[in-house]
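Taking it in order: structure first as structure tokens, then the write-up.
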Amino acid sequence: MRRHRIVQDTSAALRFYSRLPIPVSADDADPFAAPSLRRIAYAVPVAGAVIGAIGGVILLLGHALALPPLVSVALAVTALVLVTGALHEDGLADTADGFGGGASRLRRLEIMRD
């Protein structure tokens, strides 16, 4: 029972933080609803490791094919953007917008929330 919940929570974290086609369990009431982050918090690092490993494998393949480092890195970052739907890049852009576009603390927070 506990092992099944770990797999189910890790699958929910992967579905939430990536665009990977993770199979849905018959036990999931609504697999595409936002999961309870309190429930899956322990599984988020595992999901992050899986997502990061994808970029790492692409980087290693680029190195194994003797591609220039810049090309290998660009391919790895592109793979991560595709896998995550640019989640981290969007957050970085929102932060830059907030710090660059807001004159006051409240305005910066408003920009970042938007």
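What follows draws every value from the coordinates through simple rules; no lab data is involved. None of the values given here were measured: they were computed from a predicted structure. Virtual Cβ from ideal backbone geometry, glycine too; neighbours counted across all protein chains shown.
Report, in debye and to the nearest 20, how large the dipole of segment 4-114 comes out about its Cα centre when Lys and Arg carry +1 and Asp and Glu carry -1 on their Cβ.
Numbers: 9 positive and 10 negative charges, 50 e Å.
Charge dipole of segment 4-114: 240 debye, to the nearest 20.
What value in Å³ per residue do you get for the convex hull of the alpha-carbon atoms in segment 48-114? Please report the intermediate quantities before stating the final value.
Details: hull volume 5.9 nm³, N = 67.
In segment 48-114, the Cα hull volume divided by residue count equals 89 Å³.
State, to one decimal in nm, how far the label point of Phe99 lies from the label point of Val73, with both points 7 Å from Cα in the Cβ direction.
Each label point is offset 7 Å from its Cα along the Cβ direction, giving 1.9 nm.
Loop-only check: which chymotrypsin sites (Phe, Trp or Tyr not before Pro) in segment 1-108 are DSSP coil with at most 14 other Cβ within 10 angstrom?
Working: sites: Phe16, Tyr17, Phe32, Tyr42, Phe99; in loops: Phe32.
Sparse-neighbourhood loop chymotrypsin sites (Phe, Trp or Tyr not before Pro): Phe32.
Give the long-range amide H neighbours of Asp28: residues separated by 5 or more places, or on another chain, with amide H under 5 Å away, using H modelled in the peptide plane at 1.01 Å from N.
It is none; the list stays empty.
Using the Kirkwood formula on the Cα atoms of segment 1-61, what hydrodynamic radius do you get, in angstrom to one decimal?
One over the average 1/r among Cα pairs gives 12.2 Å for segment 1-61.
Using semi-axes √(5λ) of the Cα gyration tensor in Å as the read-out, say which of [x] 39, 12, 10; [y] 28, 26, 10; [z] 29, 12, 11 was calculated from these coordinates.
Working out semi-axes √(5λ) of the Cα gyration tensor in Å from the coordinates points to [y].
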